[in-house]
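Take a look at the structure set out below.
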Amino acid sequence: MRYAVFGLTLFLCAVVVSQSACAGDRESVAARRGVDGAVVFVAHDYGFTGPDRLPAGLTTVRIVNEGQDLHHIQFLKLLQGKSATDFRAAIAADPSRLPGWVQYAGGPNAHSAGRQAFATVNLTEGDYMLICWIPDKNGVPHVALGMQKALSVGGGKAVKASRPTPSIVIKQVDYQFIFSRPVESGLQTIDVVNHGAQPHEVVVVKLFQDATVRDVIASFEPGASGPPRGELVSGITAIDKGSRVTFTGKFEPGRYGLICFVPDAVTGRPHFLHGMTTEFTVE
Ligand SMILES: [Cu+2]
């Protein structure tokens, strides 16, 4: 009987080895790194698959979107000894806001099908949640539909990766984006540094002809009709003041916009309504 149970366990491990930690923690972490060394998380409607634990250190994260909806990865470090169970309870009680005991640690932002998004984040030892904060058509954030995954960081040897050298720095303040220099066409490695008092994100959109950032924002409002007036290409999810996250984005010539959708700490209104958008042209 014991043998039969053991055999079944082995069988299950063999079947689900690509999606679970059956193979042991070290192997499961290694198996999920792509050839570029990035840790891969797969987003679907509505959940994430990927490693349950990672070593601390600078970590390049790639999101692979296998869903129909737009998704991103927001790393949240749980503070004050809170657990994933506490987080789930808080979201169930009020899905319209994130609890106050989380630290915004960034992640790759949303991108449309066929594009890839990378972000290099600094993960320090502790308990994290990986969530998607993008709302569905009815305005319900995906985190409330199940897009939340617990992640334990630490143990093992810390990763000693070096931060990629940025070609551009975007400084975030309340409520503005400031570029260190104009964006040129091609692949750009962009450092985002938050000098504001509040958390901020960077959503990079390629604007369709004659469209403005406002048109693109309107096309993501609940109940909006018609196709979006721009394409989401890259960016990072929210980071706390004093934080720095690096992302890589490909810029073809054209008009672009940056948007911050993070709700304001005081008014509760998204930061773009406080002026946190900008438009620029890539020659
Ligand atoms: Cu903001």
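Screening G223 against (1) within 13 Å of the ligand (Cβ to nearest atom); (2) loosely packed, with under 14 Cβ neighbours inside 10 Å leaves a single unmet condition, (1).
Which residues, taken from segment 249-266, are within 16 Å of the ligand (Cβ to nearest atom) and farther than 17 Å from G107 by Cβ? Within segment 249-266, G257, P263, D264, A265, V266 qualify. Kindly indicate the residue of segment 183-202 that is aliphatic (A, V, I, L, M) and within 22 Å of P164 (Cβ to Cβ) and also farthest from the chain's Cα centre (by Cα) among those meeting that condition. Out of the qualifying residues, it is V183. Of all residues in segment 203-221, at least one satisfies being at pLDDT below 90, part of a loop (DSSP other than H, G, I, E, B) and within 21 Å of the chain's Cα centre (by Cα).
All conditions in (1) more than 16 Å from the ligand (Cβ to nearest atom); (2) buried (at least 16 other Cβ atoms within 10 Å of the Cβ); (3) closer than 19 Å to S112 by Cα hold for V205, with the sole exception of (1).
Can you tell me how many residues within segment 155-185 are part of a strand (DSSP E or B), touching a residue at least 24 places away in the same chain (Cβ under 8 Å) and aliphatic (A, V, I, L, M)? Full working, then the answer.
Step one: of segment 155-185, the residues part of a strand (DSSP E or B) are 159, 168-173, 176-179.
Adding the requirement that they be touching a residue at least 24 places away in the same chain (Cβ under 8 Å) leaves 159, 169-172, 176-177, 179.
Imposing the further condition that a residue be aliphatic (A, V, I, L, M) reduces the set to 159, 169-170.
The total comes to 3.
From the list F208, F251, which residue is more than 28 Å from V39 (Cα to Cα) and of a type outside the set (S, T, Y)?
Details: F251 fails: more than 28 Å from V39 (Cα to Cα).
Going through F208, F251 in turn, just one is more than 28 Å from V39 (Cα to Cα) and of a type outside the set (S, T, Y): F208.
Taking the criterion of being without any contact (Cβ under 8 Å) to a residue 60 or more places away in the chain, basic (K, R) and either assigned by TED's automatic domain parsing to the domain that holds N65 or more than 20 Å from L70 (Cα to Cα) (or both), the residues of segment 204-261 that qualify are K241, R255. At least 1 residues being more than 21 Å from R163 (Cβ to Cβ) and not hydrophobic (A, V, I, L, M, F, W, C) is the threshold, and among the strands (runs of 3 or more DSSP E) wholly inside segment 54-124 those reaching it are 57-65.
The values are calculated or read from the model by the stated rules, or taken from the named source; none is laboratory data. Keep in mind that what you see is a predicted model, and the values were worked out from it rather than measured. Every residue, glycine among them, receives a Cβ derived from its backbone with ideal geometry; neighbour counts consider all protein chains shown.
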